[in-house]
Amino acid sequence: MKKKAVFFDIDGTLWDEKMHIEESTKEAIRKLKENGHLAFLCSGRSRSSIQAQHLLELGFDGIIAACGNYVEMNGEVIYDNVMTTETANWVAKTLADCRLPSVLEGPYDCWIDTEGFEEDPYVDYLFALLGENAHPIRNSQKDFLIEKCSFDNFPYSEYAKAKEILGEKFDFIEHSSERDFHVVEMIPKGTSKATGIEWVRKYLGLNHDDIYAVGDSVNDLDMLKYVSHSIAMGNGVEAIKEICEYVTKRINEGGIYHAMEYYGLI
């Protein structure tokens with residue numbers, strides 16, 4: 001069987017909101033690799049926040065993190081698009097001035113606003129996960145080593161102003177929310193999960209027709225448009241389902257296993 005490569009989003013795709021991974025998903029990844037195919041994580045998360053052992057022990061061949069701005073193969077970092085210190089400081093100051101509580105995300109550490117995230121449990125999770133590698137922004141020495149950032153946009157925030165100032169160098173991915181704020185990811189302009197996959201494809205000499213991707217959220221749009229075989233989770237947003245080649249079952253209904261089986265990969 002010809003070798004294929006499958007790129008998996010994490011949140012809402014491989015695990016649910018409680019970071020639970022279905023047994024059928026674990027079985028699908030195991031069978032995929034037994035059949036000689038490659039399995040990659042492809043996440044908006046920075047590498048520093050991809051630490052869960054029950055995820056990593058599934059045996060992925062590589063990790064694309066930070067929306068394509070970090071690539072790791074078999075434990076070796078082969079690409080890392082970190083911002084200059086000057087740019088990172090400019091980003092941090094602009095977001096603070098525009099009252100956008102932020103997380104500055106890097107390959108080893110994250111710098112996090114300690115105020116403004118009272119309604120967002122993800123920040124508590126980051127401090128617990130990263131331990132000494134999570135730093136309050138206000139107490140830092142401005143030596144940020146980051147590839148991207150994310151922030152909460154509240155009614156009182158000056159998001160439009162921030163976009164005007166930063167928009168020449170960065171793209172913005174806006175996630176909808178039922179709460180009174182929206183989560184926004186900010187990444188270097190022209191980068192995405194798709195550019196990360198393209199980097200890996202060329203590095204390994206893979207044919208474009210042999211590339212698959214599975215996702216559920218708006219930050220998966222670029223990669224799902226790029227690959228030859230795009231798969232939307234049944235629990236994914238409508239914008240994803242509309243552009244994908246195939247819509248599988250929901251995450252808790254064996255969606256990953258069903259998709260791999262549908263394409264004859266397992």
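The values are calculated or read from the model by the stated rules, or taken from the named source; none is laboratory data. Keep in mind that what you see is a predicted model, and the values were worked out from it rather than measured. All Cβ positions, glycine included, derive from the backbone under ideal geometry; neighbour counts span all protein chains shown. To get the accessible areas, we keep the full protein, side chains included, count just its heavy atoms, and leave off ligands, DNA and RNA. Shrake-Rupley method; radii C 1.70, N 1.55, O 1.52, S 1.80 Å.
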With Gly36 itself left out, Lys, Arg at +1 and Asp, Glu at -1 over residues whose Cβ is under 13 Å from its Cβ give +3
Per DSSP H run of at least 4 residues, take -39500 (n - 2.57); add these up for the chain, divide by its residues and hand me the 222 nm value, nearest 500 deg cm²/dmol. -8500 deg cm²/dmol
What longest region of the chain stays clear of chymotrypsin sites (Phe, Trp or Tyr not before Pro) that DSSP places outside H, G, I, E and B and that have at most 13 other Cβ atoms within 10 Å? 157-266
Quick one: which of Lys33/Lys241; Lys4/Lys163; Lys31/Lys225 span more than 28 angstrom between C-alpha atoms? Lys4/Lys163
Loop sites in region 225-266: GluC sites (Glu not before Pro), DSSP, at most 16 other Cβ within 10 Å: Glu245
Here the relative contact order (percent) of the chain, from C-alpha pairs under 8 Å and at least 6 apart, is 21
Of all DSSP beta bridges located in region 150-266, what percent are antiparallel, nearest 5? 60
Answer rounded, prolate or oblate for region 85-188, using the Cα gyration tensor with square roots of eigenvalues a ≥ b ≥ c: rounded when a/c is under 1.5, else prolate when a/b is larger than b/c, else oblate. oblate
Report the paramagnetic label zone for His175: residues of region 86-128 whose backbone N is under 13 Å from a point 7 Å from Cα along the Cα-to-Cβ axis. 103, 120-126
Candidates per GluC sites (Glu not before Pro) in region 1-64, loop by DSSP, up to 11 other Cβ within 10 Å: Glu17, Glu57
Assuming 0.36 nm per residue, please report the length gained on full extension of the stretch Lys3 to Val77 beyond their Cα-Cα distance. 24.4 nm
Can you give me the solvent accessible area of Thr85 with a 1.4 Å probe, rounded to the nearest 10 Å²? 80
